[in-house]
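The structure appears right after this line, and notes come after that.
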Amino acid sequence: MQNTRISISSVHDVIRYYIITISIILITIAAGKRTWCRYICPMYIFNYVGIKIGRFFKLPTLKIVSESDKCTQCRKCTDHCLMGLDVANMVKNNKWNTNECIKCGECLNQCKCDALKIKWTKQVSNKVI
Ligand code: SF4
Ligand code: SF4
């Protein structure tokens, strides 16, 4: 049988565990979906630095490209974005939140209007993420 219990050796560990857990829940309620990934996770720094290096050297990177004229604002992309981004609004305004998208492609899967595409490109503009 798989052991799924938490290993706790003292009352202090229990208190520490619940303080950390409740803090994460409260921060998430206050700051929104995927707060840990977006603002706290130390791995995010690698994502951020990688994006900056890629842009500085104009390296080809995987980007999501939008065509706002094809978008019907059904908002399915927003509803299913794993990072909680307002994708439909970004398509509408051609204004993308470039650092928080993890290129999972879920918004592309949801879009039935062919308004989103993913491709390798050197292009640096406000129409790509
Ligand atoms: S690829 Fe789409 S669904 Fe995934 S994080 Fe980026 S905007 Fe959100
Ligand atoms: S799923 Fe496609 S059509 Fe619907 S809002 Fe998003 S980009 Fe626009």
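The values are calculated or read from the model by the stated rules, or taken from the named source; none is laboratory data. All of these numbers come straight from a predicted model, not from anything done at the bench. For neighbour counting, all protein chains shown are included, and Cβ atoms are generated from backbone atoms with ideal geometry for every residue, glycine included. The area values use the complete protein model at the heavy-atom level, side chains included, leaving out ligands, DNA and RNA. Shrake-Rupley method; radii C 1.70, N 1.55, O 1.52, S 1.80 Å.
Here are the numbers:
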| quantity | calculated |
| --- | --- |
| Which listed residue is at pLDDT below 85, open to solvent by less than 90 Å² (accessible area, probe 1.4 Å) and more than 16 Å from the chain's Cα centre (by Cα), from Ile40, Ile8 | Ile8 |
| The range 39-86 - residue that is among the small types (Gly, Ala, Ser) and in contact (Cβ under 8 Å) with a residue 40 or more places away in the chain and, of those, farthest from Asp114 (Cα to Cα) | Gly84 |
| Count of the range 66-91 residues which are out of contact with any helix residue (DSSP H, G or I) (no Cβ under 6 Å at 6 or more places or on another chain) and either under 25 Å from Phe46 (Cβ atoms) or not in a loop (DSSP other than H, G, I, E, B) (or both) | 8 |
| Test: Asp114 is modelled with pLDDT of 90 or more, surrounded by fewer than 16 Cβ atoms within 10 Å (Cβ to Cβ) and part of a helix (DSSP H, G or I) | no |
| Matching residues in the range 59-107 - criterion: being open to solvent by 40 Å² or more (accessible area, probe 1.4 Å), among the aliphatic types (A, V, I, L, M) and within 19 Å of Lys33 (Cβ to Cβ) | Leu82, Ile102 |
